[in-house]
2 protein chains.
Amino acid sequence: MMASYPPVQSVTRSFAVLKELNRRKVTTVHDLHVATGLPKPTVVRLLETLIDAGYVSGDRRQGGYQVTSLVTSLSSGFHGDHLVVEAGRAWALLLTRRFVWPFSIAVLDKDCVVVRYSTVPDSPISPFHATINMRLSLVSRALGRAYLAFCPDSERKLLLKMLKTSTAPEDAMARYPKQFATVIKTIREQGFSERDPMVEPKNSCNIAVPIMQDKRVLGTLCTTYFKSAMTRKEAIDLFVEPLQIAAAHIAEDVDRLQSVPLVEDDLTSKTG
Amino acid sequence: MMASYPPVQSVTRSFAVLKELNRRKVTTVHDLHVATGLPKPTVVRLLETLIDAGYVSGDRRQGGYQVTSLVTSLSSGFHGDHLVVEAGRAWALLLTRRFVWPFSIAVLDKDCVVVRYSTVPDSPISPFHATINMRLSLVSRALGRAYLAFCPDSERKLLLKMLKTSTAPEDAMARYPKQFATVIKTIREQGFSERDPMVEPKNSCNIAVPIMQDKRVLGTLCTTYFKSAMTRKEAIDLFVEPLQIAAAHIAEDVDRLQSVPLVEDDLTSKTG
DNA sequence: GCTCAAAATTTCGCAGGGCGAAATGATGAG
DNA sequence: CTCATCATTTCGCCCTGCGAAATTTTGAGC
C-alpha cells in the first residue's frame, strides 16, 4: 500500500500517551505533558478517551493513571516472541517481587539486543531503564555484553565483524579488538556483565547474565540499580547469584517446553 | 476526573481496528470494514496511521495486515495477570504448535471466567473462539464449566448461589440445580468439560480441563475445533490427554515459581 | 488471455471534531 | 492560611478527518 493519507494526528498522539502510560505503574497528567510535549487539555482529552475505551483507569485522587488489563487486547495477536521470553517472564516478575528492583530480558536481533520483557512498571524504584522494544548495543550495554561474552566463539567473531562497520557511537569499542577482548574476557571470568561506565545514565548501573542452552545464548537477563542505593560490590553480592539461578531455571523451562511429550505414547516411544 | 470531553472519535476507531487486527494472524481491509462498520477509506486511513506508528505491517500483496512486535509496548505496563496465565502462556503456544488448533487460558472473575490468553491468532484453523478479555459463563461455556466442576465444594456452592440470581441467558441452567448437578457430575467423572450444545456457535465445540493446585482451580485450559473436522470422540481422543498433561505442567511451574529459592543460603536454610 | 465481481485505493470538498490559550479549580507543602 | 503547581474546564476557531464517489487492482473462473 502506497500511503494515501498523512497519519491521523490524534491517533498518533493517543498511542504516544498509551505507550508512556505503559512505561510506569502510575502516570500523572503532568508526566504525560512532559513526556509527549502535548498541551495539557490535549492530554486530558486523550486520557479520557482511553478511560472511556477501558484501557486506562484512575484519576488525580488515585495519584494518577494506569493501564488496565484490557491493554492485553492490543497485543494479544502478537505471539512471535522467543520461547526464552515466554518462559522468562514469570521469573523476571518473581525477581522484582523478591528484590523490588526492575529486571529485563533481551534477545539478539541482528547486531544488537532488543528488550522483550521488562518489569520496570512493577518496580517502585525504577532507574531510567530500557523500555520494551528498545534496541541496545552489544558493545556497551550490559544486556548486550552478556550476549557477546557468552555466545559461541564463531558467533562472536561474526558479530564483532558486523560491529566493526557500525557507526553507532556506543559500538565504537568494537573497533579496538584488543581492548574489547579484555572486556569480554573479564565478563566471562566473573560470570556477569555491566554497562560501559562511559554510557548514560551515570546515576545507575546494571548487571546482566546470559540464559544458556547447550553453549548457546538464548537471551540475557539483567537488573538495574541506583548507585546511590548500593555500592557495586553490594550489588554484585545481592544480584549475581539470583540472576544466575533464575537464568538457569528459565533455560530449564525452555528445555522442557521444547521436549516434553504431551501424549503418553510419545513418552513410551521415547523410552522404548 | 469528571469527563470534560466526548471521546475522540478517530482514537476510539483506531483502537477498534487494532483490537480486531489482534484477533487473527492476518486481516484484510474488507475484514476490518465488516468487523468495525467503518467506511473503507476510514479503515485505510487508520491502518496507514498504525503502519506509520509501527504497530502494523503488511499490505494487500502480503494477504493483508498484521500486528508487529511493537504492539507489546502497548501492554507491557500491565503485569497483573495471574501467575497461572504467566506460567501457562508458553504451554498454550506449545499446544497450538503441536496440534495447530487454538488453545486458551481463563481465570475466575467474580461469577464468570475471563479469557486471559489465547493462541487464536497463531492458529490457521480458528473457529470462532473467545478472544482475550472475553467474559464467559461458568454455566454454559467449557472454560467456565471446567472451573465450576473441579473447584472445592464450598466454592461451587457459593458460585451457584450467585449464579441463581443471574439474569444472563447463558446462566439459565443454574436455576435448575438437579439438572445442572448432573452436568457437573458428568464433567467430574470424565475429567473435562464441553460447551453447552445449545450455545452458539454450533459449528464448533470445545474441550476444557482445570489447572489444579492443592485441590483449588487456578484457571482452566481449553481448545476449540470444528465439528466438520472431527467427531466428538476423535476430539476427545486427541485433546483430553495433552490438555491434562499441559495443565499438570502449568501447575508444576506455578508451584516452582512460588517456592523456588533464588539464593543458595535460602536453599540451605530450607534443607537445614 | 479475457471477463468481471469484488476488494483495495485514491480523490477532494466539506463540516464538525479536535485543538489549545486562557481561565478556573483543586491540592498539598510550608 | 498562602501560594506554587498541577488538574480541569471553557469555547471560539480552523484545519483535520471524513466518506461518497470514482478509479484501480486483483484473482477466480472460463
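Restricting segment A:117-133 to residues that are under 14 Å from A:Ala208 (Cβ atoms) and modelled with pLDDT of 90 or more, which is surrounded by the fewest Cβ atoms within 10 Å (Cβ to Cβ)? Selected residue: A:Tyr117.
Is it the case, given these coordinates, that A:Asp237 is within 14 Å of chain B (Cβ to nearest Cβ) and without any contact (Cβ under 8 Å) to a residue 12 or more places away in the chain? Give the derivation first.
Working: within 14 Å of chain B (Cβ to nearest Cβ): yes; without any contact (Cβ under 8 Å) to a residue 12 or more places away in the chain: yes.
Judged against the criteria, A:Asp237 is a match.
Condition check ((1) more than 27 Å from B:Val120 (Cα to Cα); (2) surrounded by fewer than 21 Cβ atoms within 10 Å (Cβ to Cβ)) across all residues:
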site: B:Ile184; (1), (2): yes, yes
site: B:Glu189; (1), (2): yes, yes
site: B:Ser193; (1), (2): no, no
site: B:Glu200; (1), (2): no, yes
site: B:Asn203; (1), (2): no, yes
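Residue under question is B:Val100, and the condition is that it be farther than 20 Å from B:Arg188 by Cα and away from chain A (no Cβ under 12 Å); does it hold?
Values: farther than 20 Å from B:Arg188 by Cα: yes; away from chain A (no Cβ under 12 Å): yes.
For B:Val100, the condition - farther than 20 Å from B:Arg188 by Cα and away from chain A (no Cβ under 12 Å) - is met.
Residue-wise test of (1) at pLDDT 90 or above; (2) under 28 Å from the mean Cα position of the chain (by Cα); (3) hydroxyl-bearing (Ser, Thr, Tyr).
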| residue | (1), (2), (3) |
| --- | --- |
| B:Lys40 | yes, no, no |
| B:Leu47 | yes, yes, no |
| B:Tyr55 | yes, yes, yes |
| B:Arg61 | no, no, no |
| B:Thr68 | yes, yes, yes |
| B:Leu74 | yes, yes, no |
| B:Phe78 | no, yes, no |
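Can you spot a residue in segment B:67-85 that is of a type in the set (Asp, Glu) and surrounded by 22 or more Cβ atoms within 10 Å (Cβ to Cβ)?
Looking only at segment B:67-85, we keep the residues that are of a type in the set (Asp, Glu), and these are B:81.
This time we only want the ones that are surrounded by 22 or more Cβ atoms within 10 Å (Cβ to Cβ), so: none.
Taking every residue of segment B:67-85 in turn, none turns out to be of a type in the set (Asp, Glu) and surrounded by 22 or more Cβ atoms within 10 Å (Cβ to Cβ).
Residues of segment B:1-23 that are charged (D, E, K, R) and within 7 Å of chain A (Cβ to nearest Cβ): B:Lys19, B:Arg23. Close contacts from segment B:30-55, counting a first residue that is free of Cβ contacts under 8 Å to residues at least 24 places away in the same chain and within 11 Å of chain A (Cβ to nearest Cβ) and a second that is within 9 Å of DNA strand C (Cβ to nearest atom) and in a loop (DSSP other than H, G, I, E, B), with Cβ to Cβ under 6 Å and a gap of 6+ residues or different chains, come to B:Arg45/A:Tyr5; B:Glu48/A:Ala3; B:Glu48/A:Tyr5.
In segment B:218-250, how many residues are among the hydrophobic types (A, V, I, L, M, F, W, C) and either open to solvent by 10 Å² or more (accessible area, probe 1.4 Å) or in contact with a Lys or Arg (Cβ under 7 Å, 6 or more places away or on another chain) (or both)?
Of the residues in segment B:218-250, 9 are among the hydrophobic types (A, V, I, L, M, F, W, C) and either open to solvent by 10 Å² or more (accessible area, probe 1.4 Å) or in contact with a Lys or Arg (Cβ under 7 Å, 6 or more places away or on another chain) (or both).
In this structure, is A:Asp109 surrounded by fewer than 19 Cβ atoms within 10 Å (Cβ to Cβ), assigned by TED's automatic domain parsing to the domain that holds A:Phe239, in contact with a strand residue (DSSP E or B) (Cβ under 9 Å, 6 or more places away or on another chain) and over 21 Å from B:Pro121 (Cβ atoms)? Here the answer is yes, as A:Asp109 does meet what is asked.
Pairs meeting the criteria (first residue in segment B:97-114 and closer than 16 Å to B:Ile207 by Cα, second residue at pLDDT 95 or above and assigned to a helix (DSSP H, G or I), beta carbons under 6 Å, at least 6 apart or on different chains) are B:Ala106/B:Leu143; B:Val113/B:Leu143; B:Val113/B:Gly144; B:Val113/B:Tyr147.
Scanning segment A:227-252 for residues that are under 19 Å from the mean Cα position of the chain (by Cα) and not aliphatic (A, V, I, L, M) returns A:Phe239, A:Pro242, A:Gln244, A:His249.
Against the list (1) away from DNA strand D (no atom under 16 Å from the Cβ); (2) crowded, with 22+ Cβ neighbours inside 10 Å, the condition A:Lys157 fails is (2).
The values are calculated or read from the model by the stated rules, or taken from the named source; none is laboratory data. Here the structure is a predicted model, which means the values were calculated and not measured. Note that we place each Cβ from the backbone using ideal geometry, even for glycine, and neighbour counts take in every protein chain shown. Ligands, DNA and RNA are excluded from the accessible area calculation, which covers all protein heavy atoms including side chains. Shrake-Rupley method; radii C 1.70, N 1.55, O 1.52, S 1.80 Å.
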